[in-house]
Each structure stands twice: as C-alpha cells, then as structure tokens.
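Reading through the structure tokens given below for one structure.
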Amino acid sequence: MKRFKYMILTASALLCGAFFTACDDNDDKPVFPESPDKEYDMSGFVRGADVSWLTEMEKKSYKFYDAEGNSQECMSLLRDLGMNAIRLRVWVNPEQGWSAEEGFFNPEGWCNKEDVVTKAWRAHNLGYRIMIDFHYSDIWADPGRQEKPAAWADLSFEELQKAVADHTTDVLSAIKARGIDVEWVQVGNETRSGMLKPDGAASSGNTANFAKLVTSGYDAVKTIYPKAKVIVHIDQGNNPNRYIWLFDGLKADGGKWDVIGMSLYPDPDSEDWRQMNNDCIENMKNLIARYQTPVMMCELGINWNYTEAEAFFTDFMTKAKQVDQCLGVFSWEPQSYGGWKGYHKGLFDDSGKPTSAFNAFKR
C-alpha cells in the first residue's frame, strides 16, 4: 500500500521562508516549528486529475482556493480533495503546433518535455502516482485530428516508427533522471482513427500501420519503465463498436498494450448521462473479458455548473469501483475554471473554489 506522509522539509522551509527560526541558547542550532504530519493514502483505485494546463494557468496568474476561500497550491489542494494520481500530456514541438484559426487550442510551447518534467516533479514530491499521455503531435490529438509533428512530416514509415520510439524514450528518460516513477503511459491520445496520419490511420480491417506505431511506443516505454502499464486510449467509452473493431485489429496485427483507456463526456442537454454511464460500465466488463486486459477511464467530464454534476461523478465512480480490473478514473483538467480556454467541464466554480463534485473522489 502506497502511503505518503506530508512532511515539510527543512531545506524547503529555508528557501521558501515558510517558517520563523530561533536559536537554541546552547548550540545556536535553528529550531523550526513542528511540521504538519498528515498521511495520504495514494494507493488503490485511481482517483486522478489531468492538470496539464496548470503551469500555463499559473503563468496567467490563476489562483486556486479551498472551500473557505484560502489560497492553496493546486496539486496539494487536489490531493486534499481526494485525488491520488496526476496525468500529463506531452506534445513534440508545441511552439510549432498552432495557426491563427485554431482559436483556444494554441499550445504556445506548453506541454513540451521541460514543462512535463516540471509538473511531474511537483506531483512526485506530493506522493502522486503519475500517468504520461503522449499525443505524438505538436498540438492536440483526438478523433478529429491526429497530425504528425512538423519535424516528422517527411519521414518514411520506418523513420516514423523510430521517431515515436526516440521521442518516447527521450521524454521518459528525462522524467526518470529526476527519480520520478511513472505508473502508466498512454501511447497516443484518443486514437480511435489511428495516429500520425495518414501513415498511421486506422479503419475497420486496416490497423497494420497503427499497430506498428503503437508497438514502437510500447517497446520504448518498457525500456525506460519496465513495470509501467501502457495504455491505448480512445473516446466514447459508452460505444462498444468503437473499441471492438480497433482492438480486434490491434490484436490481429500484433499491436501491444496493457490497459484499454477510455473517455466519456456526456452532454446533459442532449444525452442521458445515466444511460451513458451504464453503457460505459457494461463496455468495460465486456472488454476486460474479451481481451483479458484491465481498463481505465482516462478522461471524464461534464459541465461544472450542471445541477447533477456531483450525481454524475458519484454514479460513475461507484459503479467503476465495482468492476474487477477497472483501475480507476481520471477527470480532465478539473482545475480549469472561469471559462479557461473555452473549457467548462472542470470541477471548480468561477471563483476558483472546488465544487461538490469532488465528493465523488473522496467517498
């Protein structure tokens, strides 16, 4: 069982000026106030948060507050609110990945290797378990877009496989060099239609190239973190057809994975979230039985001000915990608030305080 005892280090206290010191009359050694001694259970079912926007939000002077309105560092606040894992996305050259018409998706250089290492280090020092999410793009990868990084545009397919392996190795090596453990790694993000298109496009009956790219990433992960679980992640967790054709194809074509990852984002104005939750849970059970691999909800979200948001998260978390081999649930960018980047599915209200939906992660 992984437990993390939060003890403020003397060196950190000195650097941050967090404590007043006094001198002992006998030996002039500094005397520090007693450090808070709080134990966090970071083990078991994953209660995770993708906070990849965090450093960018901090740069824009966003603050985060507890329920009483006290300002608090975001990752430590999320831990107090029940989270035990952090997910971080990686882009290849994000300063290359934007054009004027892209709107709020401008990555502006964030989520590159250095930024990811910074956030992983912060999470590690708070005892979090960590997932790294490789997009293999300079910008967002999702079902609608799986663009090659600009630097990889003219590579042959064999060179593209090597680029996937080299990029994966480079980023994970930088994280490992800081003494940080990584428990899960996504090889691609929401890859329902493949990745690194057109070379790695996937369709029913044609997943061969996609399987080779996934395997290149898988093998690279294992060279750096042999015990890390590699995830292949697609969207619409309530739609079994999305999963069966893709994973049947990956299996037939020799693609490697350890965990099947999902996303689920109900629109309460037009969709029945209760039915979607039930369909997703049933899909989880069937996938576990069909492929003999665990599943994980890698992205879960609903509008923060939806009146039944807490009920939605509680319902899903409760049912997911009852599924043998469901490893856990990550909410996506829960710290987002105030319409940050046009996103409204965080777990904070417009004043930067946590909403009651966090109760689902503490129960």
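Relative contact order, percent, of the chain when contacts are C-alpha pairs under 8 Å separated by at least 6 residues? All intermediate terms of the calculation are to be shown ahead of the outcome.
On the way: 706 pairs, mean separation 55.2, N = 363.
RCO, the chain: 15 percent.
Considering amide H positions built from the backbone, and no H for Pro or chain starts, which residues 5 or more places from residue 328, or on another chain, come under 5 Å of its amide H?
It is 46, 297, by chain and number.
Where the centroid of each part is defined by its Cα atoms, how far is the stretch 282-311 from the stretch 44-90 in Å?
21 Å
Once you wrap a convex hull around the alpha carbon atoms of the stretch 223-363, what is its projected area averaged over all directions, in nm²? Don't skip to the answer; put the middle values down first.
Details: hull surface 39.1 nm².
Mean shadow area of the hull around the Cα atoms is 9.8 nm².
Please say if the stretch 198-252 is rounded, prolate or oblate, where rounded means a/c under 1.5 for a ≥ b ≥ c the square roots of the C-alpha gyration tensor eigenvalues, and otherwise the choice is prolate for a/b larger than b/c and oblate otherwise? Before the final figure, lay out the partial values.
Details: a/c = 2.51, a/b = 1.47, b/c = 1.71.
Oblate shape, in that a/c is at least 1.5 and b/c is the bigger or equal ratio.
Straight-line reach from residue 63: which lysines have a Cα under 29 Å away, not including same-chain ones fewer than 8 places off?
Here the lysines satisfying the reach criterion relative to residue 63 are 5, 38, 113, 119, 341, 345, 353, 362.
What number, in nm² with one decimal, is the all-direction average of the projected area of the convex hull of the alpha-carbon atoms of the stretch 133-243?
Mean orientational projected area (the stretch 133-243, Cα hull): 7.1 nm².
Going by the alpha-carbon gyration tensor, a ≥ b ≥ c the square roots of its eigenvalues, is the stretch 141-189 rounded (a/c under 1.5) or, if a/c is not under 1.5, prolate (a/b greater than b/c) versus oblate?
Values: a/c = 2.79, a/b = 1.58, b/c = 1.77.
Note, shape of the stretch 141-189 comes out oblate.
Below 8 Å between Cα atoms, with a sequence gap of 6+, how large is the relative contact order for the stretch 50-95 in percent?
Numbers: 23 pairs, mean separation 20.0, N = 46.
Reported as a whole number, the value is 44 percent.
Relative contact order for the stretch 208-363: what percent, with Cα pairs under 8 Å and sequence separation of 6 or more? Working shown, then result.
Numbers: 240 pairs, mean separation 29.3, N = 156.
Result for the stretch 208-363 is 19 percent.
Can you give me the Rg/Rh ratio for the stretch 76-213, using Cα atoms for both radii and the Kirkwood formula for Rh? Kindly include the intermediate steps, with their values, before the conclusion.
Working: Rg = 15.7 Å, Rh = 15.8 Å.
Expressed as Rg/Rh, it is 0.99.
With all distinct Cα pairs included, what does the Kirkwood hydrodynamic radius of the stretch 251-333 come out to in Å, to one decimal, could you say? Could you put the intermediate results ahead of the total?
Values: mean 1/r = 0.0743 Å⁻¹.
Hydrodynamic radius (Kirkwood, Cα only) of the stretch 251-333 equals 13.5 Å.
Within the set of other residues whose C-beta is less than 11 Å from the C-beta of residue 218, count the net charge using Lys and Arg as +1 and Asp and Glu as -1. Spell out each step's value before the answer.
Numbers: positive: 212, 222, 229, 256; negative: 219, 258.
Summing Lys/Arg as +1 and Asp/Glu as -1 gives +2.
Residue farthest toward the positive end of the dipole of the chain, with Cβ of Lys/Arg at +1 and Asp/Glu at -1: which of 292, 193, 91?
292
Along the charge dipole of the chain, which of 303, 255, 118 sits closest to the positive end, that is, farthest toward it, with unit charges on the beta carbon of Lys, Arg, Asp and Glu (+1, +1, -1, -1)?
255
Run the dipole for the chain about the Cα centre, Lys and Arg Cβ at +1, Asp and Glu Cβ at -1, nothing else charged, and hand back the magnitude in debye, nearest 20.
On the way: 40 positive and 53 negative charges, 209 e Å.
The calculation lands at about 1000 debye.
Which whole-angstrom value gives the distance between the alpha carbon centres of the stretch 180-199 and the stretch 225-240?
Their Cα centres are 8 Å away from one another.
Please compute the Cα-Cα pair-distance distribution of the chain with 10 Å bins starting at 0, giving whole percents from short to long.
5, 24, 33, 25, 9, 3, 1, 0
By the scheme Lys and Arg +1, Asp and Glu -1, what is the net charge of all other residues having a beta-carbon under 11 Å from that of residue 47?
Values: positive: 79, 129, 321, 362, 363; negative: 41.
Within the 11 Å Cβ shell, the charges total +4.
Where does the chain land at 222 nm, in deg cm²/dmol rounded to the nearest 500, when only DSSP H runs of n ≥ 4 count, each adding -39500 (n - 2.57), divided by all residues? Intermediate results must be reported in sequence, preceding the final value.
Values: 10 runs with 119 residues, N = 363.
After summing the helix terms and dividing by residue count, I get -10000 deg cm²/dmol.
Could you compute how much accessible surface residue 308 exposes when probed at 1.4 Å, giving the result in Å² to the nearest 10?
Per-residue accessible area (residue 308): approximately 60 Å².
The values are calculated or read from the model by the stated rules, or taken from the named source; none is laboratory data. What you are looking at is a predicted structure, and each value in this text was computed from that prediction instead of being measured. For neighbour counting, all protein chains shown are included, and Cβ atoms are generated from backbone atoms with ideal geometry for every residue, glycine included. With ligands, DNA and RNA removed, areas are computed over all heavy atoms of the protein, side chains included. Shrake-Rupley method; radii C 1.70, N 1.55, O 1.52, S 1.80 Å.
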